Amino acid sequence: MNRKKAIRILLEIIRYVIIVFGAFWMILPFFWLFSASLMTPEELISDVPKWLPEKPQWNNYVQVLKRIPLLMYYKNSFIVAGSVTLLVLATSSMAGFAFAKLRFFGRKVLFSFVLSTMMFPVFIFLIPVYYLMKLFGWLDNYLSLIVPFAVSGYGIFLMRQFILTIPDELLDCARLDGAKELKIYTTIILPLIKPALATLAILTFIGQWNSFLWPLIVTSTAQRLMTLPVGISRLSLAFSTVETQHLILTALVYQVIPMVVVFLYLQRYYIRGFVLSGFGNL
Amino acid sequence: MAGLSETKGPVRRKKLKTNTGAGYAFLAPALLFYSIFFVYPVVFSLIVSTKRWNMLVPLSRARSVGFSHYSYLLSDQVFLGVLRNTLIYALATVSLTIVIALILAVLINNAKLSVLWRFIYFAPVVTPQVAIGTIWGYLYRPNNGLFNSILRLFGMKPVYWLTDPNVALFSIIITAVWAGIGGSMLIITAGLKNIPQDYYDAAKIDGAGPFRQFFYITVPLLSPTLLFLTATGFIGAWQVFDLPFTMGRNAPARSVMTVSWYVYETAFQSLRMGRASAGAFLLFCVIFGFTLLILWLFRRGGIKGYE
């Protein structure tokens, strides 16, 4: 019996050693980034890498703001990610409602089609959609960054799964009272799927906020539309001289911290949404 | 991912009244979108892949070259290398991420401070990949990077993480796994919460230790979740662009170039739209076959999450 207890305690110790060891590696790059953002250029390129700056250079943070249009990147990212999120919420919940609760010709085929669109990689669409944007004359405004992402197969799938769990009786009662489908959608469906909408909103927003390839292509001709990730990728151009190179890391802090802090607040909704939308038992 | 099963269970399905008008009205925005941004582009791309076109003239004036782009690519060392990189990247990243995330999720589930641990592991998921690539680029520096100084601490030789063509891809895979663990962990955790505690209690009474419980209860009951992670993980990994593009710019001779990057460079830097489209479709064929293979394997294992 004693031996068994000893083994159990040993296993518990190993368990926490693994967790903490992993957590150390997860934090290390962030810790180093923050520390390096306060270093002088000499400290950053010294042969013996430093873990902490001799004297924190808080001025680095002021310098960055003076040299790159960080606020503009923020504004662009916010407009694009926010608009895409609103559009995806609307289109996904509408289509999800149709697939889950309405009966019409071609429903199964269309739903299979929506699912299969998820298998198509983005690189197939780069050339034709860029060409479309050029035809529409949207390359110099936000539409080119927003409209191509207005519908998400994943979002439709998520909403459909969630709306399926709403009992039909509820909708039939409303129908007997003479409610039209639009009214059912706005007064019954939407309020009931709020948790799933929250999850989809967070997923979409984060995805768009971090999206890089498409904005990189579109904004190559329209610099004032550049989003945060495109801005980050051009930091080495903005800070190319030896005296300014260290500011790249300071600029990164500006871009990493806000998302992490926002998520600290949103994590609850995120996890709850996953559990509620039945991800556990697909 | 063919059609999904209707939910079975307590909700009894009554026959819905056919309402074609309302159905299509609610689908209208999505259908309009898919015809402009999905069907048209796919057809357009297929046509482009048989032309020599630089996007500066109308497509109708481009010269047709038949399937010569495809035959060129299939014997082109650059493209085959790109294809190989993408395959290695996808296989390694998806499998490592899921295995590590599964182990960590089980260890952290019900652990003390589990919310804190989950938050720490999740932080990279909300960080732009471009930023992650840049930070790790610094950590991987050959002479004054943090990793090589840690190696030196243990008396080991420095590794040329991003400049040695045999190592660079694996360095990027390490970063990708580091960045992806948290997201998979979260979904696995949601799956763990759905496994009834009774199963574990019964196993304990029968004398099953934690390892047996893991392999005989946790893994089988999580398999639909794992299938979901595998399928979505591969879809994401095939398209990878951000990390290789930000970290691999100093890697020699395209040793870390992926298909997305290849398409980007061929189309938007060299303006060879035809060749880029053909390359995109070639990888798509690989992806398509691969997805069918995964679904078949899982189905043979008795998992029908996506029927």
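Read-outs: derived from the displayed coordinates by stated rules, not from any lab. Not measured: the values here are computed from a predicted model. Counting neighbours? That spans all protein chains shown, and the Cβs are built from the backbone with ideal geometry, glycine included.
Taking other C-beta atoms within 10 angstrom as a stand-in for reagent exposure, A:Thr187, A:Thr227, A:Thr85, A:Thr165 fall in the order A:Thr187, A:Thr165, A:Thr85, A:Thr227, fewest first. With R₀ set to 25 Å, the beta-carbon distance separating A:Ile79 from B:Ala28 gives a calculated FRET efficiency near 0.45. Taking 0.36 nm per residue of separation and subtracting the Cα-Cα distance, full extension of the segment from A:Ser240 to A:Leu192 would add 12.0 nm. Residue by residue along B:39-45, Cβ atoms of other protein chains within 10 Å of the local Cβ number 5 on average.
Seen against the Cα atoms of chain A and their longest principal axis, helix A:2-36 is set at about 70 degrees.
Put the Cα centre of segment A:69-116 next to the Cα centre of segment B:14-78 and the gap is 20 Å. Remark: the A:Tyr265-A:Trp58 segment gains 71.9 nm on full extension, using 0.36 nm per residue and subtracting the alpha carbon distance.
For the pair segment A:35-64 and segment B:230-246, the centres of their Cα atoms are 33 angstrom apart. Between B:Ile205 and B:Leu80, what FRET efficiency follows from the Cβ-Cβ distance if R0 is 60 Å, with the result rounded to 0.05? The calculated FRET efficiency here is 0.60. Placing +1 on the Cβ of every Lys and Arg and -1 on the Cβ of every Asp and Glu, with no other charges, gives the protein assembly as shown a dipole of roughly 1060 debye about its Cα centre. Per-residue mean of foreign Cβ neighbours for B:186-198 is 4 (Cβ atoms of other chains, 10 Å radius). Relative to the dominant Cα principal axis of chain A, helix A:70-101 is inclined by about 20°. The charge dipole of segment B:208-307, taken about its Cα centre with unit charges on the Cβ atoms of Lys, Arg (+1), Asp and Glu (-1) only, comes to about 180 debye. Under a cut-off of 16 Å between alpha-carbon atoms, report the aspartates and glutamates in cross-link reach of B:Lys193, not counting same-chain residues fewer than 8 places apart. B:Lys193 reaches B:Asp201. Summing +1 for each Lys or Arg and -1 for each Asp or Glu, what net charge is found among the other residues whose Cβ lies under 13 Å from the Cβ of A:Pro53? Net charge around A:Pro53: -1. Across segment B:222-235, in residue order, what do the Karplus-derived ³J(HN,Hα) couplings come to in whole Hz, using 6.51 cos²θ - 1.76 cosθ + 1.60 with θ = phi - 60° and x for Gly and Pro? Per-residue couplings from phi come out as 8, 4, x, 4, 5, 5, 4, 5, 5, 4, 5, x, 5, 4 Hz. Ranking A:Ile146, A:Gly178, A:Phe136 by how far each Cα lies toward the positive end of the dipole of segment A:68-233 (charges on Cβ) leaves A:Phe136 at the top.
A simple packing score, the average count of other Cβ atoms within 10 Å per residue, orders the peptides A:152-160, B:73-81 as A:152-160, B:73-81, with the highest score first.
Oblate is the label for the protein assembly as shown. Its Cα gyration tensor axes, ordered a ≥ b ≥ c, give a/c of at least 1.5 and b/c at or above a/b. Counting only Cβ charges, +1 for Lys and Arg and -1 for Asp and Glu, the dipole size of segment B:45-300 around its Cα centre is about 560 debye.
Neighbours of A:Ala98 by Cβ distance under 13 Å: Lys/Arg scored +1, Asp/Glu scored -1, total +4.
Projecting label points 7 angstrom from Cα along Cα→Cβ for A:Val20 and B:Ser114 puts them 2.0 nm apart. The phi torsions of segment B:106-117, fed into the Karplus equation with coefficients 6.51, -1.76 and 1.60 and a -60° offset, translate into couplings of 5, 5, 7, 4, 6, 7, 5, 6, 4, 4, 4, 4 Hz, rounded to whole numbers, with Gly and Pro shown as x.
With 0.36 nm allotted per residue and the present C-alpha distance subtracted, the A:Lys5-A:Met118 stretch has 35.7 nm of extension available.
Cross-link check: pairs A:Lys101/A:Lys194; A:Lys50/A:Lys75; A:Lys5/B:Lys112; A:Lys108/A:Lys180; A:Lys134/A:Lys194 evaluated at a Cα-Cα cut-off of 27 Å; pairs beyond the cut-off: A:Lys50/A:Lys75; A:Lys134/A:Lys194. When only alpha carbons are used to place a centre, segment A:220-264 and segment A:157-171 end up 42 Å from one another.
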